[in-house]
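Below is one structure, written out as structure tokens; comments come after it.
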Amino acid sequence: MTSDDTNSQQTACEHNLVVRRAQPEDIERIDLFLADFVAAERILPRTIDEMEQLIPTGFVAEVNDQIVGFVTLEIYSKKLAEVRSLCVRPIMQGQGIGKRLINACIDLARERNVFEVMAITSTDQFFLNCGFDFTLPGEKKALFLQTRDAP
């Protein structure tokens with residue numbers, strides 16, 4: 001693939017990309033989209049019941065009606081929400097899709113008046129580029145303790 005091919009693919013993506021709220025009728029398509037990420041152990045598996053609970057605060061990125069990205073914001077309280085299951089099709093990464101999905105979550109958190117949004121990730125540089133940091137004002141940090149090997 002030449003540089004011109006890559007540029008035209010990115011331009012096409014930018015013009016056809018739609019980020020929208022997930023709908024209940026999307027569950028099966030989202031589940032299929034996430035299967036490769038679950039198999040690669042990039043995200044935890046979700047039951048259909050869990051997906052039904054996360055869809056109302058989820059977002060889908062589509063290009064030509066094909067899902068190329070998904071994320072959900074799990075809102076725990078007015079104080080805290082978590083970005084969950086952020087996935088972008090590998091061939092589409094680096095085109096701003098993940099950032100658009102994160103911005104949709106942040107906008108939703110602001111709409112719902114949630115004070116803090118956190119992300120647990122193995123790709124911390126991406127979240128740093130989206131405005132997240134390792135500490136909150138006042139140097140507050142999240143600490144974790146795993147109580148078993150498997151979820």
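Using Cα pairs under 8 angstrom and six or more residues apart, how large is the relative contact order of the chain, in percent?
Across the chain, relative contact order equals 19 percent.
Any chance you could list P(r) for region 41-121, counting all Cα-Cα pairs in 5 angstrom bins from zero, rounded to whole %?
3, 15, 25, 26, 19, 9, 3, 0
With every protein chain left in place, what is the accessible area per residue of region 47-123 in square angstrom, probe 1.4 Å?
The answer is 51 Å² per residue.
Accessible area of the chain with a 1.4 Å probe: how many percent of it is carbon plus sulfur?
Working: 5010 of 9910 Å².
Carbon and sulfur atoms account for 51 percent of the accessible area of the chain.
If the chain between Glu52 and Asn129 were fully stretched, how many nm would it gain, using 0.36 nm times the residue separation less the Cα-Cα distance?
Length gained, Glu52 through Asn129: 24.7 nm.
Rounded to the nearest 500 deg cm²/dmol, what is the calculated helix-only ellipticity per residue at 222 nm for the chain, with -39500 (n - 2.57) per DSSP H run of length n ≥ 4? Don't jump to the answer; show the numbers that get you there.
Working: 5 runs with 55 residues, N = 151.
Helix contribution divided over all residues of the chain: -11000 deg cm²/dmol.
What translational diffusion coefficient, in µm²/s and rounded to a whole number, does the Stokes-Einstein relation yield for region 77-136 at 10 °C and a viscosity of 1.306 mPa s, taking the hydrodynamic radius as the Kirkwood radius over Cα pairs?
130 µm²/s
Can you pull a Stokes-Einstein diffusion coefficient for the chain at 10 °C (1.306 mPa s), Rh from Kirkwood over Cα pairs, as a whole number of µm²/s?
This corresponds to a translational diffusion coefficient of 96 µm²/s.
If you plug each phi of region 85-101 into the Karplus form 6.51 cos²θ - 1.76 cosθ + 1.60 with θ = phi - 60°, what whole-Hz ³J(HN,Hα) values come out, in order, with x for Gly and Pro?
Couplings: 6, 5, 9, 10, 3, x, 5, 9, 5, x, 10, x, 5, x, 5, 5, 5 Hz.
Taking all protein chains together and a probe of 1.4 Å, list Glu52, Glu41 from the most accessible to the least accessible.
Glu41, Glu52
Using amide H atoms built in the peptide plane, which far-off residues or other-chain residues are under 5 Å from Gly69 H to H?
Close amide H contacts, sequence-distant or interchain: Ala61, Arg89.
The values are calculated or read from the model by the stated rules, or taken from the named source; none is laboratory data. Because the structure is predicted, anything quoted here is derived from the model rather than measured. Ligands, DNA and RNA are excluded from the accessible area calculation, which covers all protein heavy atoms including side chains. Shrake-Rupley method; radii C 1.70, N 1.55, O 1.52, S 1.80 Å.
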